[in-house]
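What follows is one structure encoded as structure tokens, with my remarks underneath.
The values are calculated or read from the model by the stated rules, or taken from the named source; none is laboratory data. Treat the numbers as computed from the prediction; the structure is a model and nothing was measured. Cβ: placed from backbone, ideal geometry, glycine included. Neighbour counts: every protein chain shown.
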Amino acid sequence: MRQKITDIKSLEETARQFRKEILEMIAEAGSGHPGGSLSAVEILISLYYYKMNHRPENPKWPVRDRFIMSKGHASPVLYVTLANCGYFPKEELMTFRKLGSRLQGHVHIGVPGVELSTGSLGQGLSVANGIALGAKIRKVDFRIYCLLGDGE
């Protein structure tokens, strides 16, 4: 389960473990995009374990901070982060890209903690902007973060 990370040593140890889990799930699946996931590990750890206000036990909490993974092909890093935070059981990571699994090659909204199905590059930033504007209009206090890839 998630504990706040406030020092570099803990960040490095957590990042090392996340990278191992990402590589294991991609190897088990026999396909995936390791580069995009491995390059985003520290970013997601910093957000989910330090910066973001969220509740894994209540993924639809109305004032939660939101995260949009625009580069949806980097789904393994988001799935590993969400599982380690407690959004779903870590054992489910080994079902990545298997028939009938909710953990597919691109981020899917059917997974607890996922805000948007992504994979069509360039969509995430526009959606994140719309969510932020909607929150401002409704005077709801939360932050939204969006991670883009180099192809966007």
### Task
Would you check if residue 91 is out of contact with any Ser or Thr (no Cβ under 9 Å at 6 or more places or on another chain), free of Cβ contacts under 8 Å to residues at least 12 places away in the same chain and assigned to a helix (DSSP H, G or I)?
yes
## Note on the structure
When every residue in the range 123-148 that is among the hydrophobic types (A, V, I, L, M, F, W, C) and part of a loop (DSSP other than H, G, I, E, B) is compared, the one surrounded by the fewest Cβ atoms within 10 Å (Cβ to Cβ) is 140
### Task
Confirm whether residue 97 is touching a residue at least 60 places away in the same chain (Cβ under 8 Å), under 22 Å from residue 17 (Cα atoms) and either loosely packed, with under 15 Cβ neighbours inside 10 Å or in contact with a helix residue (DSSP H, G or I) (Cβ under 9 Å, 6 or more places away or on another chain) (or both).
yes
#### Entry: Checklist (1) part of a loop (DSSP other than H, G, I, E, B); (2) at pLDDT 95 or above applied to residue 118, failing item
(2)
### Message
Any residue that is surrounded by fewer than 18 Cβ atoms within 10 Å (Cβ to Cβ) and in contact with a strand residue (DSSP E or B) (Cβ under 8 Å, 6 or more places away or on another chain) - is there at least one of those in the range 28-43?
### Response
yes
### Task
Evaluate the following for residue 81: is it surrounded by fewer than 19 Cβ atoms within 10 Å (Cβ to Cβ) and either touching a Gly at 6+ places or on another chain (Cβ under 7 Å) or hydroxyl-bearing (Ser, Thr, Tyr) (or both)?
no
#### Entry: Among residues of the range 27-49, those that are assigned to a helix (DSSP H, G or I) and over 14 Å from the mean Cα position of the chain (by Cα), counted
5
### Query
Scanning the range 100-122 for residues that are closer than 16 Å to residue 83 by Cα, β-branched (Val, Ile, Thr) and surrounded by 18 or more Cβ atoms within 10 Å (Cβ to Cβ), which turns out farthest from the chain's Cα centre (by Cα)?
111
### Message
Quick check on this structure: which one of 25, 1 is of a type outside the set (Gly, Ala, Ser) and either modelled with pLDDT under 95 or more than 14 Å from residue 81 (Cα to Cα) (or both)?
### Response
1
